[in-house]
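Engineer: Pasting a structure below so you can have a look.
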Amino acid sequence: MIEGSKVLLVDDNGEIVDILTDFLSMNGCVIYSASTGKEALEALDSTEIEIVILDIRLPDISGISLLDTIKIKNPTVGVIMITGYHDPNLIVEAMKKGASDFLIKPFEFDKLIFVMMRVIRERKLLIEKQNILESLEDKKKIELLNRELQKKIQELTTMYHISNRFNSLNVLDDVYEKMIRIINEILDATSCYYIVDTEKNELMLYKELSVGNGDFNPKRLAISNGLLEEAFSPRRYHIEGDKAFLPLLIKGEYIGFVAVTGKGLKGTNKGSFSDSDLFFLKLITEKASTQIENRMLYESLFEGVLHTLTSLILAINRRDSYTEDHCKRVTQMSLALSERLGLNGYEKDVLRVVGPIHDVGKVGIPDAILLKPASLTNEEYAIIKAHSLYGEDIMNKFEILSNEARIIRHHHERFDGAGYPDGLSGEDIPSCSRIIAVCDTYDAMATNRPYRNALTRQEVMAEIMRCKGGQLDPALTDCFVEMINDDGEWDG
């Protein structure tokens, strides 16, 4: 879809120009090049350039200034800015001056192809608009222009809607399900997602939304000869019967295929895909691919952070074996209580992370106080209380654990507001902090400590009920007591 495009590469890095020339020439583009702003303007004067790929830094003029000149000379020329430096101010300035997109080096060729396809599409619309403006002679042509403008506005609105829907996803959302819903909404078409069974050379249904009285899509589909070939071609789609197949690609490798049945079909054999339909489908699958890749990177980063925190926990455990066993028991009770409370998956995951490390701040408490085999003085107790702040500081070193850091800070707050470090009360205390507080209180009394023996079960339960509404959340306390009475597993 970019074949025959006349492209001007403007970059003083000869290696980059050579690489882009080879790649774009293989995709059927006619390539011109310039290493300075002066050479670029000479090429634009002598040749009908359609797309300019412009480096932000040139030896004789800035790319932003050259962009301004290009747009004044010919507003229909599509300009794609490239740079090795991520500067949000430059990006905003370039987009204001009419740049079609802004790519950060090094960028993937697939991304460049997709951007060029969009630029070509926008350029055609701009040329059509300009031609109509130049030849307006009567009311009919004015009405035609209005319709074209409305169509363009609708297209831009749809593109914004798609981007906004994906950008609003949170960690709890199923990207595959959201992708299918967006396709159904935008195209009024049924869609589903297939993963690849390489052993049987088949597509295996992974996610769909029910249509009518039951499932519409087959559970398995044979992979046809043209599917993979066309999926990896510049067109990025394969039409087979009344279905369009589009791949989800991550770093050039497919992870599965979206199957879409023509607009208005809903179980019939009628319907087809326009260029606009296919353009939106490519945009949706690209956005979904980016979201999935970001999730994978996030999970990888999260695992690395947990590994680091595990090392800190091991350091604490070598100093104080009680803390290790205590944190394990508190985690198990917190998760069991979360099940009874019907918490969502995200809150349970937070407890799985926070439970084992809720006392990580004890790494900053001196051994003489942490391991003291007798009751603490008021001054020593004040130092011990600082462990929740130390724990928050440690967790805040990892931006992705900001919510977990907040829970650790507040796991010693009291429901009546008399706790520490901030004196929060009631539901101002994070729910996960309140859950840990109940379980932490129970385990502290039900186990032997260096300065006293464990209380009996009856004594512990009596004290828990006494703390209800004061130290502990009353609703959580009632649920916790039911759990303890139903299951003897939690006896010290």
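Just so it is clear, none of the values below were taken in a lab; they were calculated from the coordinates. Keep in mind that this is a model prediction, so the values were computed, not measured. Neighbour counts run over all protein chains shown; Cβ positions are idealised from the backbone, glycine included.
Engineer: Would you work out which of 280, 198, 292 lies farthest towards the positive end of the dipole of segment 175-294? Charges go on Cβ: Lys and Arg +1, Asp and Glu -1.
Structural biologist: 280
Engineer: Can you put 202, 392 in order, fewest other beta carbons within 10 Å first?
Structural biologist: 202, 392
Engineer: Hey, fewest Cβ within 10 Å first, where do 434, 57 land in order?
Structural biologist: 57, 434
Engineer: Same structure, new question: What is the spin-label model distance, in nm, from residue 109 to residue 233 if the labels are put 7 Å beyond Cα along the C-beta direction?
Structural biologist: Label at residue 109, label at residue 233, 1.7 nm between them.
Engineer: May I pose another question? Checking the a/c ratio against 1.5 first, then a/b against b/c, what shape does the Cα gyration tensor give for segment 6-135?
Structural biologist: In terms of gyration-tensor shape, rounded.
Engineer: So who's got an amide H within less than 5 Å of the one on residue 103, skipping anything under 5 residues away but keeping other chains? H placed 1.01 Å off N, in plane.
Structural biologist: 81, 82, 83
Engineer: Sticking with this structure for a sec: Can you match Rg and Dmax of the Cα atoms in Å to one of these, [x] 30.6, 88; [y] 31.0, 98; [z] 25.7, 91, based on a calculation from the structure here?
Structural biologist: [y]
Engineer: Among the aspartates and glutamates, which fall within straight-line cross-link reach of residue 71, defined as a Cα-Cα distance under 16 Å, with same-chain neighbours fewer than 8 residues apart omitted?
Structural biologist: Filter leaves 42, 45, 48, 50, 55, 93, 101, 122.
Engineer: Can you give me the C-alpha center-to-center distance between segment 28-106 and segment 157-205, rounded to a whole angstrom?
Structural biologist: 34 Å
Engineer: Give or take rounding to whole Å, what are the principal axis extents of the alpha carbon atoms in segment 320-490, in descending order?
Structural biologist: 40, 39, 28
Engineer: OK, next. Within 10 Å, at most 13 other Cβ atoms, and a DSSP state outside H, G, I, E, B define an exposed site. Report the longest part of the chain free of exposed chymotrypsin sites (Phe, Trp or Tyr not before Pro).
Structural biologist: 108-450
Engineer: Run down the aspartates and glutamates and flag those whose C-alpha is under 18 Å from the C-alpha of residue 328, throwing out any fewer than 8 positions away in its chain.
Structural biologist: 320, 339, 347, 349, 359, 404, 440, 443, 487, 489, 491
Engineer: I've got another one for you. Quick check on my link table: of 111/287; 348/385; 73/124; 73/129, which ones sit more than 20 Å apart, alpha carbon to alpha carbon?
Structural biologist: From the list (111/287; 348/385; 73/124; 73/129), the Cα-Cα distance tops 20 Å for 348/385.
Engineer: Rounded to the nearest 500 deg cm²/dmol, what is the calculated helix-only ellipticity per residue at 222 nm for the chain, with -39500 (n - 2.57) per DSSP H run of length n ≥ 4?
Structural biologist: -17500 deg cm²/dmol
Engineer: Another question, then. Which FRET efficiency, nearest 0.05, do residue 157 and residue 13 yield, Cβ-Cβ r, R0 41 Å?
Structural biologist: 0.60
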